[in-house]
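The block underneath contains the structure these notes are about, expressed in structure tokens.
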Amino acid sequence: METQITNVIQAFQNSKQYVVPSYQRNYVWTREGQWEPLWEDVRALATRHIKDGMEVEPHFLGTIITKVIDMDDGHVSRSWVVDGQQRLTTLQVLLAAARAAFIERGLDQLAGVLSGCLVNDQNLVVRAKDRYKIDHKGGDDEEPHGDQQSDYRRFTSIVDAALSSTEPPADVSPMSACYSYYSHAVDSWLPSGAGSDVVSHADALTKVVRQKLRVVDIRLGGSENPHAIFEALNARGEPLTEWEKTKNYILSIAAGSPGDPDGDITYRRYLRRYDIDAYWSENVHVPRFTGKRIDLFLFYFSQIELPSRRRKITGETTFRLLRRDSLYRDFRYVGEHYYRHGDRLNAMLGRLGKYADIYKSIDRQEGYRPDSLSVMRRRHLLNLSSLVPVFMELVAKLGRRDKLDRVLRIVDSYLMRRLALKAKYSGFDDIAFGHVQAIRDADPDEIPHVLLGRFLKSRWPDRWPNDEEILRHFVNGNMYDGISKARLKLLLRRIAKEMHDEKRPKLANPFGLDASVNIEHVAPQNWERHWQVDLGAGNSEEDRWRLRQIVHRIGNLTLVTQPMNNLLGDNPWSFKADLLENDDNLEMNRRLCRDMQAEVWNEAEIERRGRQLAEYVVRIWPHAELLAKELGIELPNVGTVSE
């Protein structure tokens with residue numbers, strides 16, 4: 001390893017090119033973070049140069065780390081960029097923007113001086129890419145996959161546009177934004193019109209950028225591993241994500257294998273797809289995670305891929321939980337003991353691609369039957385993103401048709417029965433992690449039996465509610481407070497659909513059951529004016545407290561459209577009954593009136609209807625015995641099912 005202080009002239013001298021490996025991330029520098037501070041430094045230096053000449057002190061931009069590549073059939077000296085690709089690329093964009101501004105002002109000579117820092121001598125160019133000072137291997141045009149090419153494809157078009165005095169293609173990429181920023185900054189700083197002022201400003205800017213901007217170039221020796229150095233640096237400015245560190249580690253294993261000396265073939269075959277498809281770089285927000293989708297997917301995939309391998313390596317008797325902020329360390333541990341041997345790395349990368357496709361199909365809701373989609377959508381309303389790796393492994397083992405539908409019936413019963421009890425899901429991440437491992441280790445035909453057994457073994461607070469618990473809660477429990485209205489609507493909508501299908505199985509659902517509906521209290525929350533007698537309430541504070549609980553029971557709740565909600569208001573029962581039975585097209589509300597056993601809506605009717613709705617819940621989402629019978633499997637022997 002040797003160190004040399006280098007200015008722009010030396011960094012971008014003729015017949016020299018930097019090669020940015022494929023494993024490095026896309027361009028991430030921003031105006032606020034890096035472009036503007038760099039321009040402020042350059043402008044200040046150029047302004048002082050106009051006043052003081054070449055007495056201006058050099059300005060250090062930081063460090064780059066490079067490693068010389070053995071000369072091949074070209075005439076350009078090439079070096080890997082281990083660290084500093086963002087800095088070098090930004091300097092090139094600044095030079096291109098300045099050259100374009102000079103040409104526009106008629107400063108051809110100074111523009112020509114900058115040209116020498118942007119491209120190599122044409123006589124030395126053997127391949128088209130030899131022309132440029134930086135070769136972004138991740139930005140090559142070969143075989144695009146996905147919706148977006150690498151940001152670095154914009155680099156060559158920006159340099160070419162600056163050299164040909166044309167505008168680069170317009171787009172919204174960060175690199176194009178960088179060029180636009182520096183074009184405007186240089187143009188605004190240069191005096192308008194022609195004359196000595198504009199020449200002196202352009203000359204000062206040229207000399208400062210070429211001679212006074214300096215970096216420390218750390219040049220690695222032949223035996224030093226650039227991947228290890230890259231990992232140790234963990235990048236400057238923007239910290240590397242778990243995916244970026246893991247990707248670099250994977251390529252450090254691939255590098256040096258026969259026919260793939262720098263890991264580039266492995267990158268293009270298995271990993272490039274995640275860099276060029278904009279889907280994976282989108283920011284996502286789920287419970288306990290905010291970041292790029294690729295990092296979230298890596299966490300899900302790691303739950304499937306790593307724990308069992310780690311357990312075999314260590315001899316541990318239990319699965320080790322994974323943390324989102326240490327996935328790279330987990331991958332490295334398994335990698336050193338497992339992926340470095342034989343063809344295991346390529347096999348793992350094949351699985352990575354397979355699960356990426358499954359994850360994307362689940363997220364985009366593509367290729368699944370309606371019943372399965374309904375279950376998988378539940379994770380959003382229940383804030384259970386930890387179900388995603390469960391779904392991923394189920395799809396991987398069972399496909400997307402009948403077998404998946406059958407198993408998701410079990411999952412749906414567990415989730416919806418817990419929703420019916422307003423159960424909390426604290427600690428569910430750990431439970432879901434266990435489900436993933438159990439599914440992974442199970443024979444596909446045994447998965448229904450395995451999941452039934454796991455749900456039956458669950459105890460407080462993660463138990464699978466039985467019929468008696470549902471009935472008890474629906475008769476006596478407050479179902480309105482302490483639960484999101486979206487979750488409560490989900491429950492009532494499904495019951496309403498079942499009632500409708502019983503009565504009119506061949507007709508479309510009223511207002512689609514997907515339209516905007518509100519939760520309506522039949523006996524209103526403001527019951528004092530019209531409802532005190534019907535509800536049998538006295539005037540004591542105890543009576544008032546009791547009535548506040550009664551009106552929030554599930555038996556007193558229904559669904560109505562917003563116009564109907566406005567009409568019903570706090571009116572007496574006789575007024576509401578006429579609207580619900582004759583002017584509402586929801587079978588749930590017609591049943592509410594038709595099934596009454598009293599003349600008025602009272603506490604007994606609320607209790608009766610609560611029992612009725614409980615019966616629907618236990619029928620729509622059967623418990624273990626009925627599910628086992630429905631699915632044609634043996635009930636797991638895990639103790640008394642009803643306990």
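The values are calculated or read from the model by the stated rules, or taken from the named source; none is laboratory data. Keep in mind the model is a prediction, meaning the values are calculated, not measured. Neighbour counts run over all protein chains shown; Cβ positions are idealised from the backbone, glycine included. We work out accessible area using only protein heavy atoms, side chains counted, and drop any ligands, DNA or RNA first. Shrake-Rupley method; radii C 1.70, N 1.55, O 1.52, S 1.80 Å.
Key figures
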| item | result |
| --- | --- |
| Pair list, Cβ < 6 Å and 6+ apart or interchain, from region 548-568 residues that are closer than 22 Å to ARG608 by Cα to residues that are in a loop (DSSP other than H, G, I, E, B) and of a type in the set (Phe, Trp, Tyr) | HIS552/TYR480 |
| Where GLY139 falls short, out of the listed (1) within 35 Å of the chain's Cα centre (by Cα); (2) modelled with pLDDT under 90; (3) over 30 Å from ASP357 (Cβ atoms) | (3) |
| Hits in region 258-294 - residues which are within 17 Å of TYR27 (Cα to Cα) and acidic (Asp, Glu) | ASP275, ASP277, GLU282 |
| Whichever residue in region 295-352 is without any contact (Cβ under 8 Å) to a residue 40 or more places away in the chain and of a type in the set (Val, Ile, Thr) and, among such residues, is nearest to ALA396 (Cα to Cα) | VAL334 |
| Residues of region 366-378 satisfying the condition of being among the basic types (Lys, Arg) and either surrounded by fewer than 18 Cβ atoms within 10 Å (Cβ to Cβ) or touching a Cys at 6+ places or on another chain (Cβ under 6 Å) (or both) | ARG369, ARG377 |
| Residues satisfying the stated conditions in region 524-534, i.e. farther than 16 Å from PHE575 by Cα and surrounded by 15 or more Cβ atoms within 10 Å (Cβ to Cβ) | none |
| ALA442 being in contact with a helix residue (DSSP H, G or I) (Cβ under 9 Å, 6 or more places away or on another chain), modelled with pLDDT of 95 or more and surrounded by fewer than 19 Cβ atoms within 10 Å (Cβ to Cβ) | yes |
| GLY84 being closer than 22 Å to VAL20 by Cβ and not polar (S, T, N, Q) | yes |
| When residues of region 13-47 are limited to those that are charged (D, E, K, R) and more than 22 Å from SER200 (Cβ to Cβ), the one surrounded by the most Cβ atoms within 10 Å (Cβ to Cβ) | ARG25 |
| Leading residue by the ranking (surrounded by the most Cβ atoms within 10 Å (Cβ to Cβ)) among those in region 84-118 that are in contact (Cβ under 8 Å) with a residue 60 or more places away in the chain and polar (S, T, N, Q) | GLN92 |
| LEU240 vs. criteria in a helix (DSSP H, G or I) and either at pLDDT 90 or above or open to solvent by less than 30 Å² (accessible area, probe 1.4 Å) (or both) | no |
| Residues of region 328-347 that turn out to be touching a helix residue (DSSP H, G or I) at 6+ places or on another chain (Cβ under 8 Å) and closer than 20 Å to THR241 by Cα, as a count | 7 |
| Sole residue being of a type in the set (A, V, I, L, M) and at pLDDT 90 or above, chosen from LEU349, LEU321 | LEU349 |
| Among (1) modelled with pLDDT under 90; (2) buried (at least 19 other Cβ atoms within 10 Å of the Cβ); (3) of a type in the set (Gly, Ala, Ser) - the single one ALA204 does not satisfy | (1) |
| Residues being in a helix (DSSP H, G or I), surrounded by fewer than 19 Cβ atoms within 10 Å (Cβ to Cβ) and touching a residue at least 60 places away in the same chain (Cβ under 8 Å) - total across region 379-395 | 1 |
| Where ASP147 falls short, out of the listed (1) at pLDDT below 80; (2) more than 29 Å from the chain's Cα centre (by Cα) | (2) |
| Subset of region 453-492 [closer than 30 Å to ARG440 by Cβ, open to solvent by less than 20 Å² (accessible area, probe 1.4 Å) and in contact with a helix residue (DSSP H, G or I) (Cβ under 6 Å, 6 or more places away or on another chain)] | PHE455, LEU456, TRP464, PRO465 |
| Region 513-530, residues that are in a loop (DSSP other than H, G, I, E, B) and more than 19 Å from ARG611 (Cβ to Cβ) | ASP514, ALA515, SER516, PRO524, GLN525, ASN526, TRP527, GLU528, ARG529, HIS530 |
| Selected residue [farther than 19 Å from GLY482 by Cβ, modelled with pLDDT of 85 or more and open to solvent by less than 40 Å² (accessible area, probe 1.4 Å)] from LEU579, LEU557, LEU547 | LEU579 |
